[in-house]
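This report refers to the structure that appears directly beneath it.
Only the coordinates and a few stated rules stand behind these numbers; no lab work does. Just so we're clear, the structure is a prediction, and the values are computed from it rather than from any experiment. Quick reminder, even Gly has a Cβ in these numbers, built from the backbone with ideal geometry, and neighbours come from all protein chains shown.
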Amino acid sequence: MWRSDLCTAAESRPGPSSDHVTDPADVETAVVDAHRRGGALVLAATARVARDLDLAEECVQEAYAAALVSWARDGIPDNPAAWLTTTAKRRAMDAVRREQVFRSKLPLLVEPEEVVDEIAMAEPVEPVEPEDVVPDERLRLIFLCCHPALAQDAQLALTLRLVCGVSTGDIAKALLVSESTMAARITRAKKKISTARIPYRMPGAAELPDRLRAVLAVIHLLFTAGHTAPSGTSLVRTDLVDQSLHLARMLRDLMPDEREVWGLLALLLVTDARRAGRVDSDGRLVRLEDQDRSLWDRAAIAEAHDLIVDGLRGGRPGRYVLQAAIASLYAEAPTYDETDWPQIVTLYDELLLVWPSPVVALNRTVAVAMVSGPARSLAEIDELEKDGRLARYQYLPSIKADLLHRLGRDDEAAIAYRQALELTSNEAERAFLAERLASLNRP
Amino acid sequence: MAQYAILIYAGDSAHALDATPEELETCDAHADEVEQEGAMVAAFALTPRDMATSIRGDVVTDGPFLEAKEVVAGFYVIEAPDLDAALEIARRNPATQEGGGVEVRPVHSGGVTARPVE
């Protein structure tokens, strides 16, 4: 079978030899760097030729292995991503030709007709020029991974695997599931892509808003999973945060006119800018009002600011732009008390119009407390409690507890803190709540 | 091209034996449309849930197999180049706008069997 033929090349590593012109360590660095910066592009282009995600991944693996040998011998090419793409595509073409009969029985990635012609006509490939790699190939891959016919956890896993090039084992670790569970999830998703013929193409203009929303949701979820690790002892999983920022930047470069993409990138930047201040040296959570603002990443906050200013122009802003604008107002205030609370309430009102979520309504109450006092805010929280949709949401009782404490009702605050503790599994957050509970003034 | 089955889920089937053409108008309009586009392979409207009989193991019972708010009211098979194209057709099924919905499944194999003429 062709798959086993192909594996042998992937396993070969460059041995010590006398005709090295490049230090193997430099070569390895160059390969790792090319993978990090251009991996999605290489895979996206190869998948179009291979028309099978597994084959595409294998061919890309082999291209990396070949690069280790070839670059050590001939030097690192000017455009490593183009070199890798050419090599991986050539291998995919060879495999497709060799197994034409065998492969024709398998469901393939559905491609527009022109690509089939391109494969049929493809003779030995000339070295790829940068412009040969059309920018939307990565977009096709992103939209494929985030197709709504796939479950969201599968969308998340596929995006990390195929677009970010993260190994299945590392994805499993980051998302706190076993490696076999993650492998099965990815295999199942790939199988559905080929069996149900989920096409490898850009969504049409009419479906683009919905499809883009799904992509943004996956990137945001990835960030959230990293920013507040749902369980475990550390609050932040930097690897997931970095991957989500990388994806948001990639999407911004690929879809430079989509304001919600700017909004998402800005939201991630401004939220992550506070990373260094969120936990103290003992790993304990620090409240926004107590955070050392000098630790915040001012460059990231400024970058987000510019994106938001642009995003707020021209028509009603979307959900991510508004969320980013709110987060940015928090981040730009010199002190917590000097935060522009009335403006934040106004932005929350706007946000509720485009995204009527109870979580948004809950977050709004924090700003309401600063503008109109804790009693008014508490009344709104009571309404939200009656609504019931936030029954399992730990931040409702913790916000409520803080308001009750400020109103001098510490006995009730204690009950609310205990409710919050029951709903929280992250250790850093639990420690924070326990400390707040202990500090209450009770007889 | 590939074949997809579209299963229609609704509170009940509109296709009672004494249903009037008016009651079936939206369903028929969709079916005609898909047929005119050349995508329809086969289509079956089922009678209402009261007509259903289920068998589980050896036990025969009155009613649909699953106790659910919706029943399969009918199904049709279409031909489409890919899932997005199939979903585009399925999305237009009136059930999606009338409180029910549809399920799209790739067809593995099968078709209408040729029967001996008596």
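Can you sort B:115, A:90, A:97 by how many other beta carbons sit within 10 Å, fewest first?
Values: B:115 6, A:90 18, A:97 11.
Lowest to highest Cβ neighbour count: B:115, A:97, A:90.
Please state the shape class of the range A:146-288: rounded when a/c is under 1.5, otherwise prolate if a/b exceeds b/c and oblate if not, all from the C-alpha gyration tensor.
Working: a/c = 2.73, a/b = 1.31, b/c = 2.08.
Cα axes put the range A:146-288 in the oblate bin.
Within the set A:89/A:190; A:192/B:69; A:190/A:386, which residue pairs have Cα atoms separated by over 31 Å? Numbers along the way, then the final one.
Numbers: A:89/A:190 20 Å; A:192/B:69 28 Å; A:190/A:386 43 Å.
Pairs exceeding 31 Å: A:190/A:386.
Would you mind checking which residues have amide H under 5 Å from residue A:22's amide H? H placed 1.01 Å from N; only 5 or more apart, or other chain.
Answer set, sorted by chain and number: A:75.
How would A:53, B:24 line up from fewest to most surrounding beta-carbon atoms within 10 angstrom? If you can, show how the numbers build up before the last one.
Numbers: A:53 25, B:24 15.
The most exposed by this proxy come first: B:24, A:53.
Can you classify the protein assembly as shown as rounded, prolate or oblate using the Cα gyration tensor, where a ≥ b ≥ c are the square roots of its eigenvalues, rounded means a/c under 1.5, and otherwise it's prolate if a/b beats b/c and oblate if not? Show your work: numbers first, answer last.
Details: a/c = 2.07, a/b = 1.13, b/c = 1.84.
In terms of gyration-tensor shape, oblate.
In whole Hz, with x marking every Gly and Pro, tabulate ³J(HN,Hα) for the range A:64-70 from phi via Karplus 6.51 cos²θ - 1.76 cosθ + 1.60, θ = phi - 60°.
So the Karplus estimates, Gly and Pro as x, are 4, 4, 5, 4, 4, 6, 5 Hz.
In a Gaussian network model over chain A where Cα atoms closer than 10 Å are linked, find which of A:375, A:157, A:81 has the largest mean-square fluctuation.
Looking only at A:375, A:157, A:81, the biggest GNM fluctuation is shown by A:375.
What residue among A:292, A:26, A:78 shows peak mean-square fluctuation when chain A is described by a Gaussian network model with Cα springs under 10 Å?
Residue with maximal mean-square fluctuation among A:292, A:26, A:78: A:78.
If you take the square roots of the eigenvalues of the alpha-carbon gyration tensor of the range A:366-443 and sort them as a ≥ b ≥ c, do you get rounded (a/c under 1.5), prolate (a/b over b/c) or oblate?
Numbers: a/c = 1.81, a/b = 1.16, b/c = 1.56.
Because a/c hits 1.5 or more and a/b fails to exceed b/c, the range A:366-443 counts as oblate.
Sticking with the crude label model, points 7 Å out along Cα→Cβ, report the distance from residue A:418 to residue B:26 in nm, one decimal please.
5.2
Would you order B:109, A:244 from fewest to most other beta-carbon atoms within 10 Å of each residue's own beta-carbon? Write out the running numbers ahead of the final one.
Values: B:109 5, A:244 27.
Ordered by Cβ neighbours within 10 Å, fewest first: B:109, A:244.
Connecting C-alpha atoms closer than 10 Å in a GNM of chain A, tell me which of A:346, A:46, A:85 has the biggest fluctuation.
A:346
Taking the Cα of residue B:54, stepping 7 Å toward and past its beta carbon, and measuring to each backbone N in the range B:1-35: which are under 18 Å?
What the label zone holds, given the 18 Å backbone N cut-off, is B:8-13.
Please compute the length gained on full extension between residue B:92 and residue B:108, using 0.36 nm multiplied by the number of residues separating them and subtracting their Cα-Cα distance. Kindly include the intermediate steps, with their values, before the conclusion.
Working: separation 16, 0.36 × 16 = 5.76 nm, distance 2.35 nm.
Here the answer is 3.4 nm.
Taking the Cα atoms only, what angle lies between the long axis of helix A:358-372 and the longest principal axis of chain A, rounded to 10 degrees?
40
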